[in-house]
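Take a look at the structure set out below.
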Amino acid sequence: MGAGAQGAEHPHRMSCDVAVIGGGLSGLACALRVAMAGKRVVVFERSSEERYPCNSRIATGVFHVAMNSVSLDPRTLEARVREAVGEGARADLVSALCRNAGRAVGWLRESGGAQFIRGGEAPFYDHVLAPSTIGQVGRPWQGKGADVLLGSLEQKLVAHGGRVLRGHAAAELKMQNGRCIGLRGEGFDVAARDVVIADGGYQNDPVQTKKRISPVPERLVQRNARTGCGDGLQMALAAGAALADRGGFYGHLQSRSALTDDRLWPYPWADELARACIVVGSDGRRIADESRGGVYLANRIAALPDPASAWVICDHLAWEGPGAERHTSPNPLLERMGGALQRAPTIEALAAETGIDAGGLAATIADYNAGLPAWPIRKWPFYALPIVPGITYTFGGIAVDGDSRALREDATPLEGLYAAGSTTGGLEGGERFGYVGGLVKAAVTGLLAAEHICR
């Protein structure tokens, strides 16, 4: 029977040791771990669909730590994560991730039924969920690695006495004397010793994204499952938890055509081409330091008054080089899939076709070429690729410690409340918009929350 069927006046009452909000990777991993320890656990999933959409279900399935193999020794990983996220990240979160990444992947394999393969030559492809979607166009997630893993985790959870209740949207945390003692939703009331929030980021909440990410969130491509509304974050804040938001989001540079053509996300993206060449606005001037990469550029462009005003500019050699570097690159996928691309025999003609200020663009390219870049803009035809930021998940969220315990404003734990996955904050973001990896963060924080509950 659906959650709402009981009625708000006479809610269905239930009790458990652990209540988990959200049935993605972090929630299911946490639930399975506590169930294996003999705890009574229930996962409350808002969607009523059997294969409910969430970011971890539609993911490519690459487990990495800041684009490094999870098999690296923890000290090396910690140094590389600190370099990626910059100053301001919580030291205990950095250590917890790096010291437990390999162990979490091993646990998923041994206890969760995950199957990993090597997905490519780069070290960050060392652990990719099978069957893999790498190299495939579109969003072929059904029956692929991440979808299979979530199904396996749920099956094993049920075998250990746990439950997943679909169509049960948590709406409020129950508090007593400063401790979380359960949750409520439409038509149900739950008493629980511990509650774990694992319902993802707030990328699909236009109010929160306008406040923290972009002045015009509707001009961002939602390259995600479109289910992350930040409900858990708002519940936690109302209960007294602190917000940890270093700013920004994980995402990529998508074709501007993806705003109206749903086929054009998550791929192709223009990250490698943008990093090798220049990104300009309508005035023809560069927007940011392209060498910092696609995630950084996506964040900088998202903060513009119009996030759909940026262009990647390159020449023919770069279009055939970094423009075709990976299976995610725009050459040749973009035009095959109907995405917009402007080309012209001269810079002046390119400016005329795109509406970019001709004088500004010519001056920018002259300055750029004078710096002797690896990919100068000299060989015709010249290309202009209209881009927009694509957002996958937000970096800010519930403040947590290294055990995934939710924290108050004074940095003390809020008893009975945990948070895991991309609903947490304090690690990623910062001035560099540092990204460490959504799947590995979900697995580690979910596992650590469970293990602290079981102590």
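The values are calculated or read from the model by the stated rules, or taken from the named source; none is laboratory data. Predicted model, so just to flag it, every value in this text is computed and none were measured. Glycine also receives a Cβ, built like all others from the backbone with ideal geometry; neighbour counts cover every protein chain displayed.
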Worksheet item: Among 384, 411, which is among the hydrophobic types (A, V, I, L, M, F, W, C), under 20 Å from residue 247 (Cβ atoms) and modelled with pLDDT of 95 or more?
Response: 411
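Given the criteria assigned by TED's automatic domain parsing to the domain that holds residue 149 and not in a loop (DSSP other than H, G, I, E, B), does residue 33 qualify? Give the steps one after another, and end with the answer.
Numbers: assigned by TED's automatic domain parsing to the domain that holds residue 149: yes; not in a loop (DSSP other than H, G, I, E, B): yes.
Considered against the rule, which asks whether it is assigned by TED's automatic domain parsing to the domain that holds residue 149 and not in a loop (DSSP other than H, G, I, E, B), residue 33 comes out as yes.
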Worksheet item: Does residue 311 fit the bill of being farther than 27 Å from residue 122 by Cα, surrounded by 24 or more Cβ atoms within 10 Å (Cβ to Cβ) and aromatic (Phe, Trp, Tyr)?
Response: yes
Worksheet item: Looking only at region 260-279, which residues are assigned to a helix (DSSP H, G or I) and farther than 18 Å from residue 428 by Cβ?
Response: 262, 263, 264, 272, 273, 274, 275, 276
Practice prompt. Look through region 17-41, keep the residues that are surrounded by fewer than 21 Cβ atoms within 10 Å (Cβ to Cβ) and hydrophobic (A, V, I, L, M, F, W, C), and return whichever of them is nearest to the chain's Cα centre (by Cα).
Written response: 36
Worksheet item: What is the number of the single condition among (1) buried (at least 19 other Cβ atoms within 10 Å of the Cβ); (2) over 27 Å from the mean Cα position of the chain (by Cα); (3) within 17 Å of residue 41 (Cβ to Cβ); (4) not hydroxyl-bearing (Ser, Thr, Tyr) that residue 159 does not meet?
Response: (1)
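Only strands (runs of 3 or more DSSP E) wholly contained in region 364-455 count here; list those with 1 or more residues that are free of Cβ contacts under 8 Å to residues at least 24 places away in the same chain.
Details: elements: 382-394, 397-399, 405-407, 413-419.
Strands (runs of 3 or more DSSP E) meeting the threshold: 413-419.
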Fill in: Matching helices (runs of 4 or more DSSP H) fully within region 282-337 where at least 1 residues are at pLDDT 95 or above and among the hydroxyl-bearing types (Ser, Thr, Tyr)
294-302
Discussion item. Looking at region 192-217, I want the residues that are without any contact (Cβ under 8 Å) to a residue 40 or more places away in the chain and have a partner that is part of a loop (DSSP other than H, G, I, E, B) and of a type in the set (A, V, I, L, M, F, W, C) with Cβ atoms under 6 Å, at least 6 apart or on another chain. Which pairs are those?
Written reply: 204/229; 205/229
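On the given criteria, is residue 75 part of a helix (DSSP H, G or I), touching a Pro at 6+ places or on another chain (Cβ under 7 Å) and free of Cβ contacts under 8 Å to residues at least 40 places away in the same chain? Quick ask: steps written out before the conclusion?
Working: part of a helix (DSSP H, G or I): yes; touching a Pro at 6+ places or on another chain (Cβ under 7 Å): no; free of Cβ contacts under 8 Å to residues at least 40 places away in the same chain: yes.
Here the answer is no, as residue 75 does not meet what is asked.
Picking from 114, 96, 101, which residue would you name as being among the hydrophobic types (A, V, I, L, M, F, W, C), buried (at least 16 other Cβ atoms within 10 Å of the Cβ) and touching a Gly at 6+ places or on another chain (Cβ under 7 Å)? Spell out how you get there, then give the answer.
On the way: 114 fails: touching a Gly at 6+ places or on another chain (Cβ under 7 Å); 101 fails: touching a Gly at 6+ places or on another chain (Cβ under 7 Å).
Among 114, 96, 101, only 96 is among the hydrophobic types (A, V, I, L, M, F, W, C), buried (at least 16 other Cβ atoms within 10 Å of the Cβ) and touching a Gly at 6+ places or on another chain (Cβ under 7 Å).
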Worksheet item: Does residue 257 satisfy the criteria of being in a helix (DSSP H, G or I) and touching a Gly at 6+ places or on another chain (Cβ under 6 Å)?
Response: yes
